[in-house]
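Below: one structure, written as structure tokens.
The values are calculated or read from the model by the stated rules, or taken from the named source; none is laboratory data. What you see is a predicted model; the values in this text were computed from it and never measured. All Cβ positions, glycine included, derive from the backbone under ideal geometry; neighbour counts span all protein chains shown. In case anyone asks, the SASA skips ligands and DNA or RNA and just uses the protein heavy atoms, side chains included. Shrake-Rupley method; radii C 1.70, N 1.55, O 1.52, S 1.80 Å.
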Amino acid sequence: MSLRLFHLFFIVISVVLAAFCTAWAAGMYRTAHDATYLAAGMLSAIAGVVLIAYGASFQRKMRRL
């Protein structure tokens with residue numbers, strides 16, 4: 001496995017982890033109604049979106065090389 005593929009694989013795994021953290025925090029917020037869970041869910045969702053944008057940018061950059 002090349003370093004490029006490993007990097008993309010790591011980004012995908014990180015996006016999946018961010019999605020699971022978002023879902024967990026949303027579920028906990030529904031039961032506990034604590035603002036901490038809401039903030040954690042929002043931060044995880046934002047991190048997931050940023051990771052997706054970074055992955056797309058990285059893939060475009062590697063195609064040019």
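Residue 29 meets the stated requirement of being without any contact (Cβ under 8 Å) to a residue 24 or more places away in the chain, of a type in the set (Ser, Thr, Tyr) and surrounded by 13 or more Cβ atoms within 10 Å (Cβ to Cβ). Would the stretch 54-61 turn up any residue that is in contact with a Gly (Cβ under 9 Å, 6 or more places away or on another chain), free of Cβ contacts under 8 Å to residues at least 40 places away in the same chain and surrounded by 11 or more Cβ atoms within 10 Å (Cβ to Cβ)? No, that holds for no residue. Among the numbered conditions (1) more than 13 Å from the chain's Cα centre (by Cα); (2) open to solvent by less than 100 Å² (accessible area, probe 1.4 Å), the only one that residue 1 does not meet is (2). The residue that is nearest to residue 60 (Cα to Cα), counting only those in the stretch 1-31 that are of a type in the set (Gly, Ala, Ser) and part of a helix (DSSP H, G or I), is 14. When restricted to residues that are under 21 Å from residue 13 (Cβ atoms) and either outside any helix (DSSP H, G or I) or open to solvent by less than 80 Å² (accessible area, probe 1.4 Å) (or both), the stretch 32-53 contains 8.
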